[in-house]
1. Only one residue in Asp62, Asp53, Asp71 is in contact with a helix residue (DSSP H, G or I) (Cβ under 9 Å, 6 or more places away or on another chain) and surrounded by 19 or more Cβ atoms within 10 Å (Cβ to Cβ). Which one?
2. Quickly run through segment 222-243 and pick out the residues that are at pLDDT below 90 and among the small types (Gly, Ala, Ser).
3. Conditions first: (1) within 27 Å of Glu172 (Cβ to Cβ); (2) of a type outside the set (A, V, I, L, M); (3) modelled with pLDDT of 90 or more. Gly211 passes all but one, so which condition is the exception?
4. Kindly provide the set of residues from segment 309-343 that are modelled with pLDDT of 85 or more, among the hydroxyl-bearing types (Ser, Thr, Tyr) and surrounded by 13 or more Cβ atoms within 10 Å (Cβ to Cβ), ordered by number.
5. Kindly indicate which of Glu250, Glu237 is surrounded by fewer than 20 Cβ atoms within 10 Å (Cβ to Cβ) and among the acidic types (Asp, Glu).
6. Just the residues that are closer than 20 Å to Leu73 by Cβ and more than 44 Å from the chain's Cα centre (by Cα), please, taken from segment 6-27.
7. Please go through segment 202-220 and give me each residue that is more than 19 Å from Leu146 (Cα to Cα) and over 14 Å from the mean Cα position of the chain (by Cα), ordered by number.
8. Could you please give the count of residues in segment 398-451 that are surrounded by 15 or more Cβ atoms within 10 Å (Cβ to Cβ), at pLDDT 80 or above, in contact with a strand residue (DSSP E or B) (Cβ under 9 Å, 6 or more places away or on another chain) and assigned to a helix (DSSP H, G or I)?
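The values are calculated or read from the model by the stated rules, or taken from the named source; none is laboratory data. If you're wondering where the values come from, they're calculated on a predicted model, not measured in any experiment. Cβ atoms come from the backbone with ideal geometry, glycine included; neighbour counts cover every protein chain shown.
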Amino acid sequence: MRRFVANGQINLSGSKIGVGLDMRSAKISMPGRGARAVLARQMSIDGDGRMADGMEVDGGIDLTGSRFEGDLLLWGSRFTKGGSGIEAEIAVDLTRIKVNQNLCMTGGFRSDGAVHLTDAEVLGTLHSAGGQFVNPDDTAIFAPGLKVHRDVNFNKDGSAIRDVEFSSFCAEGRVILNGGKIDGTLDLTGGQFVNRDDQAKVLVCRSMRIGKLAIGEGFYARGVVDLRRTAVTGKIEDRDWNPKSKFLVEGLSYSALSDEVAGRDMSKERLIWLKRTGQSSPQVYKQLADYYFSEGDSANARKVLYRGRDARRRKRNRVVRLLEGIFLRFTVGYGFYPFWVLYWLAAIELAGSIFFHWRRGDIILNPGSAGNSVNAQGDMDADFSPAFNPLIYTADLLMPVVNLNQRSIWLAEGSAEVVSSLIVVAGWVLLGAVITGLSVAMKPRSGGKGN
């Protein structure tokens, strides 16, 4: 059937072909496009399906439910939508097909209309490098429930068939893969995903199960990429990715990320990416933090958890945001940097000591502990009271649960009384921040599986 020309419908539905189906370079058109140009449902092909090498179908092709024991080759062919009703938007209908080898839509393949792969199963690899999927007003690829036992390549891989070099995969319109399963790699490296509305979804991979996800150099998405509740059982390769697109990643889980690159702060780049997603879900940050914990990098793990807590704080109302920032963020880093409190203690201790040394005249003996009110500048009788020490006095005010026997002996008056009260309040605030922050930081981590 190679190189034939038909002006009308070709109907092969229910056919059983023992060797293979070769329709390379065929030219088929359906006048008026009121029905599919090629109707080939429930076919059974014991070999390859060769609908490639310049085949042109004007009016759409329907292979729903067909089975191919070998490869299904569509490379270098062009399909234009046709039919009636809902089907009028479909150029290539591969719903529920089963391909026991590879499905190739590469090197010059073009669909002007949607490609449907609903509940299709490919036991090999789905190759689409260089394929052009064009349906800008709607969905370019509709593949919920797609199962691929090896890889899905929406990429640019530089290989060639018969000296035809593949360019980048390009989809103009939505690509929907919800609920699918890819045992190998979903490779988006160099892929181009374009939606006319850059605020709408352009690549939807929700609730999928993927062996490995590669988002490498040259990946571009004009629109939103939805990876919510998708499980990547292996690694996400993100080393060469420039994350300018908007992603939805709540519920995304993975086992590993690309190795660190010398001279680059990968953790900083990943945090910038998470910030751009606009997500504040604890799971998003816990997933990344757990990866760093698994790598033994507790410093980056704490940094990620800190940024996650700060992202949630920024979503709250202004008053709560301000109080939490003062009480937890700047004092103990939400509990992930409890040693920060030491800097505050040292600063308050130094400032208080200098102030009380300067305002010695405002410090008097407590009448309840001595029979006079000689001030701190007078001669002290060592037999009944310890000498006033600005350093120890400040420390006694600052530490609520410690008694250094200065605050009970000496009383502050005037401006010194105001400052001493502020130091006492600061001490209680810092103690509360330490306790609260540590209780938050020590909560069990649920990793990427938590919500």
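1. Values: Asp53 fails: in contact with a helix residue (DSSP H, G or I) (Cβ under 9 Å, 6 or more places away or on another chain); Asp71 fails: in contact with a helix residue (DSSP H, G or I) (Cβ under 9 Å, 6 or more places away or on another chain).
Within the list Asp62, Asp53, Asp71, the selection yields Asp62.
2. Scanning segment 222-243 gives no hits.
3. The single condition Gly211 does not satisfy is (1).
4. Passing the criteria: only Tyr337.
5. Glu250
6. Answer for segment 6-27, where residues must be closer than 20 Å to Leu73 by Cβ and more than 44 Å from the chain's Cα centre (by Cα): Ala6, Ile10, Leu12, Ser15, Lys16, Ile17, Gly18, Val19, Ala26, Lys27.
7. Residues satisfying the conditions are Gly216, Glu217, Gly218, Phe219, Tyr220.
8. 3
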